[in-house]
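Asker: Supplied in structure tokens, the structure appears directly below.
The values are calculated or read from the model by the stated rules, or taken from the named source; none is laboratory data. Worth saying up front: this structure is predicted, and the values here are computed from it rather than measured. Because the Cβ atoms are built from the backbone with ideal geometry, glycine has one as well, and the counts that use them run over all protein chains shown.
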Protein chains: 2
Amino acid sequence: MSVERFARKELLSIGGASATRVALDPIPGLINLGAGDPDFDQPRFIAEAVYKAMLEGHTHYAFGGDPEFKAAIAEYYKKFNVDVDPQTQVIVTSGGSQGIFQAFAAILNPGDEIIILDPAYQGYNQPAAYFGAKIVRAKMMKDRNGLFRPDVDNIRSVVTERTKALVICNPENPAGCVYTKEEVEGIAELAVEKDFIVIDDEIYTEFIWGGRKYYPMITQPGMLERTIIVSSFSKTFAWTGCRAGYIVAGPELAGLINRVPVGICSVPVAFQKAGVEALKRGWSFVDEMRKAYQERIEYCVKRMNEIPGVRCPYPEGAFYLFPDISEFGVPSAKLCDGLFREEKLRIVPGTTYGTNAEGHVRLALVAPIKTLEDAMDRFERYVKKLTK
Amino acid sequence: MSVERFARKELLSIGGASATRVALDPIPGLINLGAGDPDFDQPRFIAEAVYKAMLEGHTHYAFGGDPEFKAAIAEYYKKFNVDVDPQTQVIVTSGGSQGIFQAFAAILNPGDEIIILDPAYQGYNQPAAYFGAKIVRAKMMKDRNGLFRPDVDNIRSVVTERTKALVICNPENPAGCVYTKEEVEGIAELAVEKDFIVIDDEIYTEFIWGGRKYYPMITQPGMLERTIIVSSFSKTFAWTGCRAGYIVAGPELAGLINRVPVGICSVPVAFQKAGVEALKRGWSFVDEMRKAYQERIEYCVKRMNEIPGVRCPYPEGAFYLFPDISEFGVPSAKLCDGLFREEKLRIVPGTTYGTNAEGHVRLALVAPIKTLEDAMDRFERYVKKLTK
């Protein structure tokens, strides 16, 4: 008796139970810098907005998403000089992860090719495999600071007739770069020339450091009809458990994505109403988080670079460090496993994000400075044993 | 410039913008008995439970769903003598509609056949078409009371080698029957004999009338490994806008469904915590709704049957009427259109649910008695004009 006989065949190649992210039992003394789950407590006004919305009777279907929420999202994009029509261009999704699935679901058939950078957030792989698409990796290249960056030539070299889309993440997780104007333009020109879609994961746009600037892909010439922005409130408002995200795309593509019958709008109406409030009143909270992240980055990069054998560039965006630990001559997965077992510090091996990132590890700076001090001590203590 | 070139090919057959349910602008004076969105206000304790959970910090990821919520769902099934392991058999979904999509997503490849009864809730069609499955309809048959019922022989007659699953809804929307012990047994035996899955939509189990009883499919011999229960809090707790549902299946099938990478658990943790409270303390509220529905059914069935040309059976479950209006000799879609335009009463033509239901209309009794009195007057006034 095997359940495989009932399975959609693509599921069989996705892997077993480990393919699904599951809640882990808490381990005493563990410092978890694995998942990118901000440690900040949401401001109280968000909980109050949810409560108020429910008492006001916002507990019924909102087919197609709450118009007020979609209008607030469209309004938000004015900040980036992106003109968005809330009626035809905004799709409410259950966080960024459902947005990714829906974007892929709208365009992929078996045999289509999708280009994913290397390294890249691992969450793109399973949906692509699920739809039977062929995943083609395009290597990122390190800049002089040691930051992985998109490389237009590398992307061009893997484009074929079957290329349906390229996935980018800007600002980048795990690599930490923020795409330059030239990088955005170069990718846009290639997408128009070769006629493919750019799925543009933008969940870290509020976390950009050192005066760098976010350049939107969707306003590049020819890109309104070729860009699917996937975004989420999860990181912006420390809102991971509240599951609210959205897609912004040109009206034609948005219309296509809207036809994926993934279910009636997944975000509780009360959270959509709270999202309106967050976009109005949440920015001082975001400022506070930004300051904390910057302090954490400043401290941890310094600590990392003081450890012989570690080269850790400053990230330009997001709240991860992605240090090069190749000098230890140990596979990143083994190093992370050792750190977990011997020091109760959870971080992520570079290979999670692609083979090109072997020799790197990712640390999510989602803990207060005090905890990060402890984490750096643990890291240092462990890797020093490796060099003996 | 056509976006179709980017589209997943199955989407093109799903239809245009009208394929997606969209929010309608309110129309002054309209009585909407179209969508099955209960008119009851949620009890305040549910809003309070959501608020409290957020203040307690339940605002972070709960990969795989909140264990306490899954345990409460498993506990709930004891009421039906169904033994459910919360760890391996419960999947949290964003309402029933996402549950349907995920169930289909776990098993369907293009060319697979899926049996949908006729009539049946229309929400099964798009997901099946999306996955390229061939939809095969099996006609329901009317019993002596005029209620459409599942017919095992009709189902058997359309089973082929390619049949992957049968979808049932028990209690039935729109037909209003509650499956008898014999019907459940007959379908189970056929499913085991022919080795297919039963996708078992059970969102109306709390709304059963006239002393009838709900017989679970999953506890039939051989059916633990062949049943996918899709359910939701939407109807049970008048919770449509809060988007919380679940799948219960045998451990093997549940493991398969869990591998569909539809996104990180879609239900905000605070709503999962509120779901625990609802399952503990929500039952007097459900009792009140039940009483109201029974009163509405009693009144409306009587009114319907007093109209010459209308034959309206009492539903055994759920809160819809599905009267036979074939004597007017008018297509159901035309009748509904006329009612909407001339009387501002929105109801649903039978053909929405299948060609076998031509000559019927569906009325969702989701309005107070006073409004239903008005609705019945409008209906009566309109159809009397038809017979002149």
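Asker: Give me a count of the residues in the range B:140-157 that are in contact with a strand residue (DSSP E or B) (Cβ under 7 Å, 6 or more places away or on another chain) and touching a residue at least 24 places away in the same chain (Cβ under 8 Å). Break it down stepwise before answering.
Answerer: Keep residues of the range B:140-157 that are in contact with a strand residue (DSSP E or B) (Cβ under 7 Å, 6 or more places away or on another chain), which gives B:140-143, B:146, B:148-151, B:154-155.
Narrowing the set further to residues that are touching a residue at least 24 places away in the same chain (Cβ under 8 Å) leaves B:140, B:143, B:146, B:148-150, B:155.
Number satisfying all stated conditions: 7.
Asker: Can you go through B:ILE208, B:ILE135 and tell me which one is within 16 Å of the chain's Cα centre (by Cα) and surrounded by fewer than 19 Cβ atoms within 10 Å (Cβ to Cβ)?
Answerer: Numbers: B:ILE135 fails: within 16 Å of the chain's Cα centre (by Cα).
Of the residues listed, the single one that is within 16 Å of the chain's Cα centre (by Cα) and surrounded by fewer than 19 Cβ atoms within 10 Å (Cβ to Cβ) is B:ILE208.
Asker: For the list (1) away from every other protein chain (no Cβ under 13 Å); (2) in contact with a Cys (Cβ under 8 Å, 6 or more places away or on another chain); (3) not acidic (Asp, Glu), I need the number of the one condition that A:LYS291 fails.
Answerer: Going through (1) away from every other protein chain (no Cβ under 13 Å); (2) in contact with a Cys (Cβ under 8 Å, 6 or more places away or on another chain); (3) not acidic (Asp, Glu) one by one, A:LYS291 breaks only (2).
Asker: Also, quick follow-up: Just give me the residues in the range B:8-36 being at pLDDT 85 or above, within 7 Å of chain A (Cβ to nearest Cβ) and either under 30 Å from A:GLN42 (Cβ atoms) or not in a loop (DSSP other than H, G, I, E, B) (or both), in sequence order.
Answerer: Result: B:LYS9, B:LEU11.
Asker: Right, something else. Applying the selection to the range B:204-241, what residues are of a type in the set (A, V, I, L, M) and either modelled with pLDDT of 95 or more or assigned to a strand (DSSP E or B) (or both)?
Answerer: Residues of the range B:204-241 of a type in the set (A, V, I, L, M): B:208, B:217-218, B:223-224, B:228-230, B:238.
Answer for the range B:204-241, where residues must be of a type in the set (A, V, I, L, M) and either modelled with pLDDT of 95 or more or assigned to a strand (DSSP E or B) (or both): B:ILE208, B:MET217, B:ILE218, B:MET223, B:LEU224, B:ILE228, B:ILE229, B:VAL230.
Asker: Just a yes or no: is a residue in the range B:334-344 of a type in the set (Phe, Trp, Tyr) and either within 20 Å of B:TRP209 (Cβ to Cβ) or modelled with pLDDT under 95 (or both)?
Answerer: First pass over the range B:334-344, keeping only residues of a type in the set (Phe, Trp, Tyr): B:340.
Those still in the list that are either within 20 Å of B:TRP209 (Cβ to Cβ) or modelled with pLDDT under 95 (or both) too: none.
Looking through the range B:334-344, none of the residues is of a type in the set (Phe, Trp, Tyr) and either within 20 Å of B:TRP209 (Cβ to Cβ) or modelled with pLDDT under 95 (or both).
Asker: Now, a different point. Can you confirm whether B:ILE297 is more than 12 Å from every other protein chain (Cβ to nearest Cβ), out of contact with any helix residue (DSSP H, G or I) (no Cβ under 9 Å at 6 or more places or on another chain) and either more than 23 Å from B:TYR51 (Cβ to Cβ) or buried (at least 18 other Cβ atoms within 10 Å of the Cβ) (or both)?
Answerer: Numbers: more than 12 Å from every other protein chain (Cβ to nearest Cβ): yes; out of contact with any helix residue (DSSP H, G or I) (no Cβ under 9 Å at 6 or more places or on another chain): yes; either more than 23 Å from B:TYR51 (Cβ to Cβ) or buried (at least 18 other Cβ atoms within 10 Å of the Cβ) (or both): yes.
In short, yes.
Asker: State the number of residues belonging to the range A:37-73 that are surrounded by 19 or more Cβ atoms within 10 Å (Cβ to Cβ), assigned to a helix (DSSP H, G or I) and out of contact with any strand residue (DSSP E or B) (no Cβ under 6 Å at 6 or more places or on another chain).
Answerer: 9
Asker: Sticking with this one: Given the options A:ILE229, A:ILE199, name the one that is buried (at least 24 other Cβ atoms within 10 Å of the Cβ) and more than 14 Å from chain B (Cβ to nearest Cβ).
Answerer: Working: A:ILE199 fails: more than 14 Å from chain B (Cβ to nearest Cβ).
Just a single option satisfies the conditions, and that option is A:ILE229.
Asker: Next question, about the same structure. Can you give me the ranges of the helices (runs of 4 or more DSSP H) entirely in the range B:86-167 with at least 1 residues that are within 14 Å of chain A (Cβ to nearest Cβ) and hydrophobic (A, V, I, L, M, F, W, C)? Spell out the reasoning first.
Answerer: Details: elements: B:86-89, B:95-107, B:125-130, B:152-158.
Result: B:95-107, B:125-130.
Asker: Among (1) without any contact (Cβ under 8 Å) to a residue 60 or more places away in the chain; (2) buried (at least 18 other Cβ atoms within 10 Å of the Cβ), there is one condition B:GLY338 misses while meeting the rest; what is its number?
Answerer: (2)
Asker: Give the number of residues within the range A:39-80 that are among the hydrophobic types (A, V, I, L, M, F, W, C), more than 23 Å from the chain's Cα centre (by Cα) and more than 9 Å from every other protein chain (Cβ to nearest Cβ). Full working, then the answer.
Answerer: First, pick out the residues of the range A:39-80 that are among the hydrophobic types (A, V, I, L, M, F, W, C): A:40, A:45-47, A:49-50, A:53-55, A:62-63, A:69, A:71-74, A:80.
After this cut, where a residue has to be more than 23 Å from the chain's Cα centre (by Cα) as well, the list is A:45, A:47, A:49-50, A:53-55, A:62-63, A:71.
From the residues that got through so far, the ones that are more than 9 Å from every other protein chain (Cβ to nearest Cβ) too are A:45, A:49, A:71.
The total comes to 3.
Asker: Among the basic types (Lys, Arg) and touching a residue at least 40 places away in the same chain (Cβ under 8 Å) - does that describe any residue in the range B:163-177? Steps first, answer last, please.
Answerer: Our first condition is that a residue be among the basic types (Lys, Arg); within the range B:163-177, this holds for B:164.
Now restrict to residues that are touching a residue at least 40 places away in the same chain (Cβ under 8 Å): B:164.
Yes, the range B:163-177 contains at least one residue that is among the basic types (Lys, Arg) and touching a residue at least 40 places away in the same chain (Cβ under 8 Å).
Asker: Go through B:THR240, B:THR236 for me and flag whichever is of a type outside the set (Lys, Arg), out of contact with any Pro (no Cβ under 6 Å at 6 or more places or on another chain) and more than 12 Å from every other protein chain (Cβ to nearest Cβ).
Answerer: Values: B:THR240 fails: more than 12 Å from every other protein chain (Cβ to nearest Cβ).
Every option except B:THR236 fails the conditions.
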